[in-house]
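Asker: Structure in structure tokens, see below.
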Amino acid sequence: MAASSRAQVLDLYRVMLRESRKFTSYNYRTYAIRRIREAFRENKNVKDPAQIQILVNKAKRSLEIIRRQVPWYSWMSQLHPTLVGQHSLLSTILKSTVTTDLFRRGPDPH
């Protein structure tokens, strides 16, 4: 890896960790930090410059997602701390299609 690529990757790694530390929820923060470390360790031996560039671009997109999510989770934790504190509850609310199906169908006939 060229010195400039190495510096770019290390800088990106540090920025991603720094941004992830801003999550107010312990669960989100530790998950993000763990995933970042794992991803960079898995790819530390990649030598192909094209593949490195693909991975750097993917990491930059992930960084932008982290930067968008941190304020949202902070806002949610202030609005309703139990939703953010209970990862499974928040995931259920956000990912569930059951809720939308209830509103589409109308009252249960039983």
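Asker: Please list, in order along the range 35-42, the HN-Hα scalar couplings obtained from phi with the Karplus expression 6.51 cos²θ - 1.76 cosθ + 1.60 (θ = phi - 60°), rounded to whole Hz, x for Gly and Pro.
Answerer: 5, 5, 4, 4, 4, 5, 5, 4
Asker: Something else now. For residue 48 and residue 22 in one chain, what is 0.36 nm times their gap in residues minus the Cα-Cα distance, to one decimal in nm?
Answerer: 6.1 nm
Asker: What FRET efficiency, computed as 1/(1 + (r/R0)^6) with R0 = 35 Å and r the Cβ-Cβ distance, is obtained for residue 7 and residue 30, rounded to the nearest 0.05?
Answerer: It comes out at approximately 0.80.
The numbers here are math on the coordinates, done by the rules we state, and not lab data. Note that the structure is predicted; figures quoted are calculated from it, not measured. Every residue, glycine among them, receives a Cβ derived from its backbone with ideal geometry; neighbour counts consider all protein chains shown.
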